[in-house]
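The values are calculated or read from the model by the stated rules, or taken from the named source; none is laboratory data. All values reported here derive from a predicted model rather than from experimental measurement. Because the Cβ atoms are built from the backbone with ideal geometry, glycine has one as well, and the counts that use them run over all protein chains shown. Accessible surface areas use protein heavy atoms only, side chains included; no ligands, DNA or RNA. Shrake-Rupley method; radii C 1.70, N 1.55, O 1.52, S 1.80 Å.
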Amino acid sequence: MPPRLVYLYDSVGCAVNLAFSLSLIDAKQAEDLPDHLRTAKPPQDACEYLMQIAPRQRIAELDLDLPTFRVWAGVAQSLMTVGKSHRPSGAVESVTVFYARPRCGTKDEWLKSQLKGWDDFTRAPNRYVDVAGGHYTLMDHNHVASFQTVLRTEIERGLQGH
């Protein structure tokens, strides 16, 4: 696992990634804030700090408050923990994996070091489909139309038995 990826699993990393995926912070902040929050003197509460710096308009659009953000950050951390510890088993015929720019590293690194592992659980070759955007942005307004096109194409391909 790439070294910076390890930090995505702690409470600070999960809160920052959630804030980024909700457009409460930008990509530069998502890159810089984890280290800042982990080393701040005096220590800062990540959720509280993120809500303080988030655009008020975006918070209103989401009808978000600090207690709700804390709950969602906890859910995000639980999902990351489950994902990190999950050990798949069994096999299926094949799968189609859509992949976007990862949060850490390059697409090629992510494909080779993480996603190609699904090959161990299929009987036939898998399809790896490169999509626009990043892992946290592929469904945002900039990329959802292109993702929809790719998804429809893959569904049609599957229905035709390819």
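Structure notes:
- Qualifying position, being closer than 26 Å to residue 147 by Cα and either touching a residue at least 24 places away in the same chain (Cβ under 8 Å) or not acidic (Asp, Glu) (or both), among 74, 83: 83
- Boolean, residue 93 is surrounded by 11 or more Cβ atoms within 10 Å (Cβ to Cβ), more than 27 Å from residue 30 (Cβ to Cβ) and among the acidic types (Asp, Glu): no
- Going through (1) at pLDDT below 95; (2) in contact with a strand residue (DSSP E or B) (Cβ under 7 Å, 6 or more places away or on another chain) one by one, residue 85 falls short only on (2).
- When region 51-74 is filtered for residues that are of a type in the set (A, V, I, L, M, F, W, C) and either open to solvent by less than 60 Å² (accessible area, probe 1.4 Å) or closer than 15 Å to residue 20 by Cα (or both), the ones remaining, listed by number, are 51, 53, 54, 59, 62, 64, 66, 69, 72, 73.
- Condition check for residue 123: open to solvent by 70 Å² or more (accessible area, probe 1.4 Å) and touching an Asp or Glu at 6+ places or on another chain (Cβ under 6 Å): yes
- Filtering region 52-86 to residues that are closer than 30 Å to residue 152 by Cα and more than 18 Å from the chain's Cα centre (by Cα) leaves 61, 62.
- Lone qualifier among 124, 100, 145, 132 - being among the hydrophobic types (A, V, I, L, M, F, W, C) and over 25 Å from residue 22 (Cα atoms): 124
- Any chance residue 32 is open to solvent by 40 Å² or more (accessible area, probe 1.4 Å), under 21 Å from the mean Cα position of the chain (by Cα), farther than 25 Å from residue 130 by Cα and not aliphatic (A, V, I, L, M): yes
- Within region 128-162, the only residue that satisfies the criterion of being part of a strand (DSSP E or B) and under 23 Å from residue 87 (Cβ atoms) is 128.
- In this structure, residue 82 does satisfy being under 22 Å from residue 9 (Cα atoms) and open to solvent by 50 Å² or more (accessible area, probe 1.4 Å).
- The residue pairs whose first member lies in region 101-116 and is among the basic types (Lys, Arg), whose second member is open to solvent by 70 Å² or more (accessible area, probe 1.4 Å) and not in a loop (DSSP other than H, G, I, E, B), and whose beta carbons are closer than 7 Å, counting only pairs six or more residues apart or on different chains, are 107/101; 107/130.
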